[in-house]
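Novice: If you scroll down you'll find the structure; I have some questions about it.
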Amino acid sequence: MDALSLTKIAAGQRGLFTRAQARGCGYSAYQIRRRLATGEWVRILGPVLAGCGTRMSVGLRDVAASLAVPGAVLAGPSAARMHAMPVPDSVPCLALARGSHPYRPVGLILRDPVAPRDVHLLGGVLVTSRPRTVFDCVRLLPDTVAPDLLDRAFQQRWITPDDFASRVRAFAGRRGAGRMARMARLAGSGAHSGAERVALGLLRRAGLTGWRANVGLHDGVGALIGVADIVFDRERLVVEVDGRAHHVTPERFERDRERQNRLVTEGWTVLRFTWRDLTRRPEEVVAQVREMLRRDRSRLPLGHG
């Protein structure tokens with residue numbers, strides 16, 4: 001027996017190992033059974049074992065499912081957890097080649113081909129790449145979660161909008177293709193977050209026009225002040241929105257206020273709304289924007305625009 005080699009294998013797999021790996025390290029079938037009977041080892045999932053005292057978690061269950069099915073690749077939310085992406089807890093999700101049939105239930109199985117460039121070795125198991133993981137998660141997660149994950153993915157550059165759109169086009173004709181096309185349209189709407197998309201939807205439904213999304217604004221000498229979420233150029237009105245996952249660090253707070261002060265100095269009016277404002281009191285948001293537009297227009301010289 002080579003206990004040291006098995007310990008090294010388990011260390012690279014979050015403390016897990018398979019019967020086949022134990023046999024490869026010189027343990028006989030009898031020795032494996034004996035250790036299971038005495039509690040020195042415990043069974044996690046099918047042929048996947050671990051040392052006594054191993055505590056089950058969602059992430060450990062994902063890895064166990066991958067090890068239990070030869071050739072499987074962790075995908076969707078399971079891969080997202082491996083990449084430290086924020087997703088809800090769920091059953092393991094595996095990508096398998098067509099024609100492969102796991103001999104025991106392990107969770108959700110995806111039968112889509114996974115390109116070699118989209119398969120990485122992470123934590124001792126095969127995992128889909130970040131771009132493929134984002135695509136699968138947006139495809140599988142509910143509408144209450146998927147848009148926020150896509151927003152975060154673009155912000156963190158886990159996937160680019162062009163890559164996402166390309167994957168959506170390749171998915172055409174498949175079940176759920178219509179929903180993915182809708183997600184791609186949202187991603188290409190010019191809004192960089194779910195909150196911005198909600199704000200733009202409110203403006204459209206209210207019949208307010210003359211705005212642009214994500215516009216770089218400059219001061220009088222041409223220096224960039226920042227990228228504003230929504231801009232009404234004619235009225236020199238800026239609308240800023242904070243997403244539901246908006247976390248303000250002291251540094252971010254200072255930068256936002258500095259930018260806002262520079263905009264005011266340059267003659268812009270600034271309105272700022274939170275996710276709660278947009279979703280709990282949308283009528284008030286629209287009314288404030290409309291009123292500010294009316295005030296700003298009343299200040300314009302006659303014949304302007």
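Novice: If you project the alpha carbons of the chain onto their three principal axes, what span does each projection cover, largest first, in Å?
Specialist: That works out to 94, 45, 36 Å along the principal axes.
Novice: What full-extension length gain, to one decimal in nm, is calculated for residue 181 and residue 23 as 0.36 nm per residue of separation minus the Cα-Cα distance?
Specialist: Full extension of this stretch gives 52.1 nm more.
Novice: Taking 0.36 nm per residue of sequence separation and subtracting the Cα-Cα distance, how much length would be gained by fully extending the chain between residue 7 and residue 117, in nm to one decimal?
Specialist: The span from residue 7 to residue 117 would gain 36.6 nm if fully extended.
Novice: DSSP loop (so not H, G, I, E, B), at most 16 other Cβ within 10 Å: list which trypsin sites (Lys or Arg not before Pro) in the range 23-116 pass both filters.
Specialist: 55, 98, 111
Novice: Subtract the Cα-Cα distance of residue 172 and residue 262 from 0.36 nm times their separation in residues, and report this length gain in nm to one decimal.
Specialist: Once the chain is fully extended between residue 172 and residue 262, it gains 27.8 nm.
Novice: In nm, to one decimal, how far is the residue 295 label point from the residue 155 one, both placed 7 Å along Cα→Cβ?
Specialist: The answer from the label model is 2.9 nm.
Novice: To two decimal places, what compactness ratio does the range 1-136 give when its Cα radius of gyration is scaled by 2.2 N^0.38 Å?
Specialist: Here the answer is 1.07, to two decimals.
Novice: At 222 nm, what helix-only mean residue ellipticity would the chain give, in deg cm²/dmol to the nearest 500, using -39500 (n - 2.57) for each DSSP H run of four or more?
Specialist: Helices in the chain give a 222 nm mean residue ellipticity of -13500 deg cm²/dmol.
Novice: Within the chain, which is the longest segment containing none of the GluC sites (Glu not before Pro) that sit in a DSSP loop and have at most 16 other Cβ atoms within 10 Å?
Specialist: Here the longest run is 41-265.
Every number here is computed from the coordinates shown, using simple stated rules; none is lab data. Since the structure is predicted, the reported quantities are computational estimates derived from the model, not experimental observations. Using ideal geometry, Cβ is built from the backbone for each residue, glycine included, and neighbour counts are taken over all protein chains shown.
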